[in-house]
1. Compactness ratio of region 45-154: Cα Rg over 2.2 N^0.38 Å, N = residue count?
2. Just to verify a number: FRET efficiency for residue 70 and residue 42, C-beta to C-beta distance, R0 = 25 Å, to 0.05?
3. Just subtract the alpha-carbon distance of residue 97 and residue 34 from 0.36 nm times their residue separation and send over the number in nm, one decimal.
4. Arrange 130, 102, 65 by Cβ neighbour counts within 10 Å, fewest through most, would you?
5. Pop a pseudo-label 7 angstrom from the Cα along the beta-carbon direction at both residue 57 and residue 86 and give the gap in nm to one decimal.
6. For a footprinting-style exposure proxy, rank 149, 72, 116 by other Cβ within 10 Å, fewest first.
7. Going by C-beta contacts inside 10 Å, put 136, 154 in order with the fewest on the left.
8. Run the numbers on region 45-154 and let me know its relative contact order in percent, using alpha-carbon pairs under 8 Å that are six or more apart.
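What follows is calculated from the coordinates using simple rules that are stated; it is not laboratory data. From a predicted model like this one, the values you see are computed outputs, not experimental measurements. Cβ placement follows ideal geometry from the backbone for every residue including glycine, while neighbour counts extend to all protein chains displayed.
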């Protein structure tokens with residue numbers, strides 16, 4: 001079947017239709033797997049992990065945070081897979097901002113006060129996550145090297 005001058009069947013939504021009226025699957029807040037959905041207990045003041053981030057425990061803290069964010073379907077906000085919509089009139093931008101702000105609130109709630117100030121003025125969850133990773137993920141490298149030398153000298 002040919003469609004005169006168009007690659008889109010007459011009953012299919014056009015790109016501009018999707019932009020102004022996204023399909024319901026993009027706005028299905030009842031779907032528990034939907035990244036823009038929140039549960040009643042979710043609030044900016046909750047702490048997601050028991051052990052707060054210090055300069056010594058980044059690896060275990062990040063694993064616990066990823067697990068907690070995955071359980072809340074918000075992992076995509078810190079791993080870069082769900083980026084902010086580019087267009088200011090995108091119907092998903094308000095939902096993205098709302099969820100990003102919630103994740104941005106949860107991260108500082110899960111780190112020690114001495115580290116909290118270093119992320120206080122960052123408004124993007126992915127940027128906070130990457131900054132913490134870059135600064136703290138290699139903190140134990142010299143200690144691991146030292147422990148390996150000690151273990152090698154024992155044999």
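1. That ratio works out to 1.26.
2. Given R0 = 25 Å and the Cβ-Cβ separation, E is 0.95.
3. Gain on extension, residue 97 to residue 34, equals 21.2 nm.
4. 130, 102, 65
5. Going from the residue 57 label point to the residue 86 one covers 4.1 nm.
6. Final ranking by Cβ density, sparse to dense: 149, 116, 72.
7. Neighbour counts put them in this order, fewest first: 154, 136.
8. It comes to 36 percent, rounded to a whole number.
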